[in-house]
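Peer 1: Following this message is one structure expressed as structure tokens.
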Amino acid sequence: MKTALVTGSSGLIGSEMVSFLDERGWRVHGVDNNMRRDFFGEHGDTTWNLERLRRGTRRFEHHDLDVRDREGIVRLVEETRPELVVHAAAQPSHDLAAQRPFDDFEVNAVGTLNLLEAARAFAAEAPFAFLSTNKVYGDAPNELELVELETRWDYADPARRDGIDETCRIDTSMHSLFGASKVAADVLVQEYGRYFGLPTVCFRAGCLTGPNHSGAELHGFLAYLAKALLTGIPYRIYGYLGKQVRDNLHSYDVCTAIMAFAEEPRPAAVYNLGGGRANSISVLEAIAAFEELTGRRLEREHVEEARRGDHVCYISDLGRLRADYPGWDVTVSLEEMLAELAGAQPRARSKTA
């Protein structure tokens, strides 16, 4: 029986990965201390998700452990000797990082270093998949010429239709402190691949979503928007007239990307990971779609000032990932994701895919 270690195992991607691997016969050790509640309050609490995993899995063991606990992480990796490491634990908020810079950097950068060192010592052959972010590019994507359409911004140059690729620079741009801490972690993961030869990958993710997302105002665009509409929470739109665009990828498709890499790993790989143009949507378009799906009206407020360093239009170019792993593709459409978040029946997924 194969063994995996998943950090952030009560969060969106971590919990989906736990279920994904458990269904395929893996023993999974999950690391999560519910710091998301500390970061985001009751909306971020992942206790319900942990309980869901405990009820629905057969070979999952939860470890209430902080990734900043170096000795604890080393001890766990030494004891479990995982054959796959999925590092999804993070402080994920663009805005919260400025309020809690030490927590942000220590969780995102130091926590990643702790896990890398433990893996190098006791699981050097195990594929190491790191959930990075498109915020490593800072606001450099905003330098592309845009055209304002009725409900969204879009790239003016048709050659840019597929979006941002991995050649986008990461320097001389504003990242937010969150982006900076993730840059540090991203480069560390790459370096452990190049310098030490570990089979590492950085997935520079756009907006990831799914039904098990504990969406909060400062993180979790579609999930929090759906929650606001369904519960009557006022929703604030920050800047750009609500026409800012993100591409969205379902957590299931994140898992299949991770497994594609795990089956054919390589050192220091870097891939942009998102839903691509077909799964892109603006804030205004998402509000309209959810209102139509639910028959409710969203109470909204527009804040003129945008978040510092935020992207106006970001669509992930998936060309490099598709070229290296032609068997992988986006399988969950934007329409399915919206319906799922709005409370419709979840999409059935193969347990063997």
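Peer 1: Please count how many residues of region 300-348 are in contact with a strand residue (DSSP E or B) (Cβ under 7 Å, 6 or more places away or on another chain), at pLDDT 90 or above and assigned to a loop (DSSP other than H, G, I, E, B).
Peer 2: 6
Peer 1: Now, a different point. Which number in (1) under 12 Å from the mean Cα position of the chain (by Cα); (2) more than 23 Å from Ala288 (Cα to Cα); (3) assigned to a strand (DSSP E or B) marks the one condition that Asp253 misses?
Peer 2: Every listed condition holds for Asp253 apart from (3).
Peer 1: (1) in contact (Cβ under 8 Å) with a residue 12 or more places away in the chain; (2) over 20 Å from Ala269 (Cα atoms); (3) assigned to a helix (DSSP H, G or I): which one isn't true of Leu116, the others all being true?
Peer 2: Every condition holds for Leu116 apart from (2).
Peer 1: Taking region 170-203 only, how many residues are acidic (Asp, Glu) and part of a helix (DSSP H, G or I)? Spell out how you get there, then give the answer.
Peer 2: Going residue by residue through region 170-203, those that are acidic (Asp, Glu) are 171, 186, 191.
In the following step, the residues that additionally are part of a helix (DSSP H, G or I) were identified as 186, 191.
Counting residues in region 170-203 that are acidic (Asp, Glu) and part of a helix (DSSP H, G or I) gives 2.
Peer 1: Sticking with this one: Of Val107, Val136, Val28, Val85, which residue is within 19 Å of Ile13 (Cβ to Cβ), modelled with pLDDT of 95 or more, buried (at least 21 other Cβ atoms within 10 Å of the Cβ) and touching a His at 6+ places or on another chain (Cβ under 9 Å)?
Peer 2: Matching residue, one of Val107, Val136, Val28, Val85: Val136.
The values are calculated or read from the model by the stated rules, or taken from the named source; none is laboratory data. Source: prediction; values computed, not measured. Here the Cβ is made from the backbone with ideal geometry for all residues, glycine too, and neighbour counts use every protein chain on show.
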